[in-house]
Amino acid sequence: MAIIQSEVGRIRLLEDFFTGHYKASEADNTTTWDYYPLGPYKLYGEGILEVDAGCACSSTTLNGLGDLTTTDEDNHCTVIGTGGLCFRADLNGTIIAETRLQFVDLDTKEVFFGLQDVDSATLNLEGTVIHGATTTITLTASDLCGFLLSSELTDDEDWHAVYNGGSATGETVSTNIDLDCDAVVGDFQVLRLEVDPDGTARWFVDGVLKKTLAGAVNVDEPVNVVLAIEAKAAECQHVYVDYLLVDANRDWTV
């Protein structure tokens, strides 16, 4: 159990996307970066070295706005997240992950937002974390909890409450975890995930509680927080991100 030793008892990471990584002027594949620093987070993923992948930021949008973009190759993925496996629900909970995002279209893309236990500079969703197609959810990561949207699911515009690794068996039938809350092109949505020290998870969309599940998370498994978008065709995919917030208890025992 964490013992509070100072006033800095909470970890709070907030990126408002007033800066980013616009890489059009970077020579293609000339860097050897594992990741790019972006505020308190890391920008990485399969294909991140390509010049068209990255997170350009608008200079004209109020509040700041990031354009999280994949390269134009199928199953390539761009990720912004906390990087290494740095949170445990039993020690850092309640863990809160929240973002406000918007799509220009809902085609040929897969998006995951939440906690997961894959620590790889070349992370992609379908290959290492999760994938949705027709009504089947493939849970590749041993531990994950969050929101999934996939253009390859039958309900291809809806957010799904996905989880794996806790005492609640990971659900692989998409219709059982459909939140009945579609993303709408051109509209911002606020996604919020809360994970308690006992592994209970709550999914909120635009401030409305959509699902609560006990045992959604393996509480003693280290995870990180990611927002990931993956191309499901040979063209760049985009999601606009207003902010990304992670809030968690500090573990004073380390």
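Listed here are the residues, each with its yes/no results for (1) at pLDDT 95 or above; (2) in a strand (DSSP E or B); (3) out of contact with any Pro (no Cβ under 6 Å at 6 or more places or on another chain).
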| residue | (1), (2), (3) |
| --- | --- |
| Ser59 | no, no, yes |
| Gly64 | no, no, yes |
| Leu68 | yes, yes, yes |
| Asn75 | yes, no, yes |
| Ile80 | yes, yes, yes |
| Gly84 | no, no, yes |
| Leu91 | yes, no, yes |
| Glu98 | yes, yes, yes |
For the structure I just gave you, tell me whether Arg88 is surrounded by fewer than 24 Cβ atoms within 10 Å (Cβ to Cβ), in contact with a strand residue (DSSP E or B) (Cβ under 6 Å, 6 or more places away or on another chain) and among the charged types (D, E, K, R).
no
Result of the Cβ filter at 7 Å on region 208-236, keeping first residues that are under 17 Å from Arg88 (Cβ atoms) and partners that are among the β-branched types (Val, Ile, Thr) and in a loop (DSSP other than H, G, I, E, B), at least 6 apart or interchain, is Ala216/Thr200; Asn224/Thr82; Val225/Thr82
When restricted to Thr94, Thr82, Thr108, Thr99, the only residue of a type in the set (Ser, Thr, Tyr) and in contact with a Lys or Arg (Cβ under 6 Å, 6 or more places away or on another chain) is Thr108
Taking region 157-169 and the residues there that are part of a loop (DSSP other than H, G, I, E, B) and under 18 Å from the mean Cα position of the chain (by Cα), the one that is nearest to Leu123 (Cα to Cα) would be Gly165
Filtering strands (runs of 3 or more DSSP E) wholly in region 184-254 for at least 2 residues that are among the hydroxyl-bearing types (Ser, Thr, Tyr) gives 238-249
TODO: Report whether or not Val241 is closer than 21 Å to Lys42 by Cα and either surrounded by 16 or more Cβ atoms within 10 Å (Cβ to Cβ) or touching a His at 6+ places or on another chain (Cβ under 6 Å) (or both).
DONE: yes
Residues in region 116-150 that are in a strand (DSSP E or B) and either over 13 Å from the mean Cα position of the chain (by Cα) or more than 14 Å from Gly170 (Cα to Cα) (or both) total 10
**Prompt:** What do you reckon, is Thr212 of a type outside the set (Gly, Ala, Ser), more than 28 Å from Arg12 (Cβ to Cβ) and in contact with a strand residue (DSSP E or B) (Cβ under 7 Å, 6 or more places away or on another chain)?
**Reply:** no
Output for Cβ contacts, cut-off 7 Å, separation at least six or different chains, first residue touching a residue at least 24 places away in the same chain (Cβ under 8 Å) and more than 15 Å from Glu15 (Cβ to Cβ) in region 243-254, second of a type in the set (Phe, Trp, Tyr) and not in a loop (DSSP other than H, G, I, E, B), reads Ala248/Phe87
In the set Val219, Val208, Val190, the lone residue that is β-branched (Val, Ile, Thr) and surrounded by 17 or more Cβ atoms within 10 Å (Cβ to Cβ) is Val219
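The values are calculated or read from the model by the stated rules, or taken from the named source; none is laboratory data. It should be emphasised that the depicted structure is a prediction, and the values quoted were computed from it without experimental measurement. Ideal geometry is used to build each Cβ from the backbone, glycine not excepted, and the neighbour counts take in all protein chains shown.
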